[in-house]
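A.B. asks: Here it is, the structure, as C-alpha coordinates.
The values are calculated or read from the model by the stated rules, or taken from the named source; none is laboratory data. Everything numeric here is computed off the predicted structure, so don't read it as measured data. Heads up, the Cβs are rebuilt from the backbone with ideal geometry, glycines too, and the neighbour counts pull from every protein chain shown.
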Amino acid sequence: MILEYSELLELARQRNSRLMVARQKRMVADEAIKLARSAFYPFLSLGADYLYSDVTVSSQRADITDDIVTTRKDGSVFLRLSCIV
(Lines give C-alpha, C1' and ligand atoms only; values in the text may rest on other atoms or scores of the structure.)
Protein backbone atom coordinates (compact mmCIF):
# COMPACT_ATOMS: atom_id res chain seq x y z
CA MET A 1 0.00 0.00 0.00
CA ILE A 2 1.47 3.33 -1.09
CA LEU A 3 0.35 6.44 0.74
CA GLU A 4 0.16 9.90 -0.71
CA TYR A 5 2.22 12.71 0.78
CA SER A 6 -0.86 14.33 2.37
CA GLU A 7 -1.82 11.02 4.02
CA LEU A 8 1.71 10.56 5.38
CA LEU A 9 1.68 14.10 6.71
CA GLU A 10 -1.66 13.54 8.43
CA LEU A 11 -0.44 10.30 10.02
CA ALA A 12 2.68 12.07 11.27
CA ARG A 13 0.53 14.81 12.83
CA GLN A 14 -1.75 12.31 14.51
CA ARG A 15 1.06 10.16 15.97
CA ASN A 16 3.60 12.81 16.92
CA SER A 17 3.84 12.67 20.72
CA ARG A 18 4.98 16.29 21.02
CA LEU A 19 1.94 17.44 19.08
CA MET A 20 -0.33 15.26 21.20
CA VAL A 21 1.11 16.77 24.40
CA ALA A 22 0.78 20.28 22.97
CA ARG A 23 -2.87 19.60 22.09
CA GLN A 24 -3.57 18.38 25.63
CA LYS A 25 -1.87 21.44 27.15
CA ARG A 26 -3.94 23.66 24.88
CA MET A 27 -7.15 21.95 26.01
CA VAL A 28 -6.17 22.38 29.67
CA ALA A 29 -5.37 26.07 29.09
CA ASP A 30 -8.70 26.61 27.31
CA GLU A 31 -10.57 25.07 30.25
CA ALA A 32 -8.61 27.25 32.70
CA ILE A 33 -9.66 30.32 30.73
CA LYS A 34 -13.31 29.22 30.86
CA LEU A 35 -13.05 28.68 34.60
CA ALA A 36 -11.46 32.10 35.16
CA ARG A 37 -14.14 33.82 33.08
CA SER A 38 -16.94 32.03 34.90
CA ALA A 39 -16.12 33.98 38.07
CA PHE A 40 -17.58 37.06 36.37
CA TYR A 41 -20.84 35.39 35.31
CA PRO A 42 -23.99 35.66 37.43
CA PHE A 43 -24.68 32.75 39.74
CA LEU A 44 -28.22 31.38 39.88
CA SER A 45 -29.42 28.90 42.46
CA LEU A 46 -32.82 27.41 43.18
CA GLY A 47 -33.84 25.68 46.37
CA ALA A 48 -36.83 24.58 48.38
CA ASP A 49 -37.55 23.33 51.86
CA TYR A 50 -40.49 21.93 53.74
CA LEU A 51 -41.10 21.56 57.47
CA TYR A 52 -43.84 19.57 59.15
CA SER A 53 -44.25 19.26 62.90
CA ASP A 54 -47.07 17.76 64.90
CA VAL A 55 -46.92 18.43 68.65
CA THR A 56 -49.31 17.21 71.34
CA VAL A 57 -49.09 18.73 74.81
CA SER A 58 -50.82 16.95 77.69
CA SER A 59 -51.56 18.84 80.87
CA GLN A 60 -50.57 17.45 84.24
CA ARG A 61 -53.47 19.24 85.90
CA ALA A 62 -56.65 17.31 86.66
CA ASP A 63 -58.94 20.23 85.79
CA ILE A 64 -57.59 20.41 82.19
CA THR A 65 -58.62 17.26 80.38
CA ASP A 66 -58.05 18.19 76.76
CA ASP A 67 -54.71 17.84 75.07
CA ILE A 68 -53.35 20.73 73.10
CA VAL A 69 -52.49 19.65 69.58
CA THR A 70 -50.55 21.89 67.25
CA THR A 71 -49.65 21.14 63.69
CA ARG A 72 -47.28 23.29 61.76
CA LYS A 73 -46.57 23.10 58.04
CA ASP A 74 -44.12 25.49 56.48
CA GLY A 75 -42.65 25.54 53.03
CA SER A 76 -40.58 27.88 50.98
CA VAL A 77 -39.11 28.11 47.54
CA PHE A 78 -36.32 30.50 46.74
CA LEU A 79 -34.44 31.66 43.72
CA ARG A 80 -31.18 33.52 44.25
CA LEU A 81 -29.23 35.45 41.65
CA SER A 82 -25.88 36.85 42.65
CA CYS A 83 -23.19 38.56 40.72
CA ILE A 84 -19.67 39.51 41.73
CA VAL A 85 -18.96 43.08 40.75
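A.B. asks: Among the residues of the stretch 3-12, is any modelled with pLDDT under 85 and out of contact with any helix residue (DSSP H, G or I) (no Cβ under 9 Å at 6 or more places or on another chain)?
C.D. replies: Checked the stretch 3-12: no residue is modelled with pLDDT under 85 and out of contact with any helix residue (DSSP H, G or I) (no Cβ under 9 Å at 6 or more places or on another chain).
A.B. asks: Quick one: would you say ALA22 is surrounded by 10 or more Cβ atoms within 10 Å (Cβ to Cβ), at pLDDT 90 or above and either over 28 Å from the mean Cα position of the chain (by Cα) or closer than 30 Å to SER76 by Cα (or both)?
C.D. replies: yes
A.B. asks: Cβ-Cβ under 8 Å, sequence separation 6+ or interchain: first residue in the stretch 42-58 and exposed (fewer than 10 other Cβ atoms within 10 Å of the Cβ), partner among the aromatic types (Phe, Trp, Tyr). Which pairs?
C.D. replies: LEU46/PHE78; GLY47/PHE78; ALA48/PHE78
A.B. asks: Separate question: Filter the stretch 46-85 down to the residues that are outside any strand (DSSP E or B), basic (Lys, Arg) and in contact with an Asp or Glu (Cβ under 9 Å, 6 or more places away or on another chain) and list them by number.
C.D. replies: Once the filter is applied, which keeps residues that are outside any strand (DSSP E or B), basic (Lys, Arg) and in contact with an Asp or Glu (Cβ under 9 Å, 6 or more places away or on another chain), the stretch 46-85 yields nothing.
A.B. asks: Sort out which residues of the stretch 59-85 are polar (S, T, N, Q) and surrounded by 10 or more Cβ atoms within 10 Å (Cβ to Cβ), and write them in order of number.
C.D. replies: Answer for the stretch 59-85, where residues must be polar (S, T, N, Q) and surrounded by 10 or more Cβ atoms within 10 Å (Cβ to Cβ): just SER59.
A.B. asks: Being charged (D, E, K, R), over 37 Å from the mean Cα position of the chain (by Cα) and not in a loop (DSSP other than H, G, I, E, B) is true for just one of GLU31, GLU10. Which residue is that?
C.D. replies: On inspection, the qualifying residue turns out to be GLU10.
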